[in-house]
Amino acid sequence: MKSVKYFKEAEEGDAAKMCDLLDKIENKGKLEANRETAKLFLINGASLELVEKSIPDLPKDEIQEIFNSIAKKES
């Protein structure tokens with residue numbers, strides 16, 4: 001495990017921090033895109049099972065939450 005001093009003072013530490021930050025941003029973007037895709041699938045009548053198979057990176061409980069929020073809006 002890297003020390004705090006490494007990340008604060010070493011040039012490589014800055015690069016490592018930047019890589020970690022960019023990875024987090026990229027992962028957040030992918031998660032948001034997956035949520036939006038799941039929402040579109042469900043709005044257009046796809047089954048929960050189809051969405052789960054089509055977007056395996058999105059946890060089933062999140063797909064269920066999206067489905068529930070759509071169902072509330074429709075009722």
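Out of the residues in the stretch 54-75 meeting the condition of being more than 16 Å from the chain's Cα centre (by Cα) and of a type in the set (K, R), tell me which one is modelled with the highest pLDDT. The residue in question is K72. Inside the stretch 47-75, residues that are exposed (fewer than 11 other Cβ atoms within 10 Å of the Cβ) and either in contact (Cβ under 8 Å) with a residue 24 or more places away in the chain or among the hydroxyl-bearing types (S, T, Y) (or both) make up a count of 2.
The values are calculated or read from the model by the stated rules, or taken from the named source; none is laboratory data. Because the structure is a prediction, the values reported are computed rather than measured. Backbone-built Cβ (ideal geometry, glycine too); neighbour counts: all protein chains shown.
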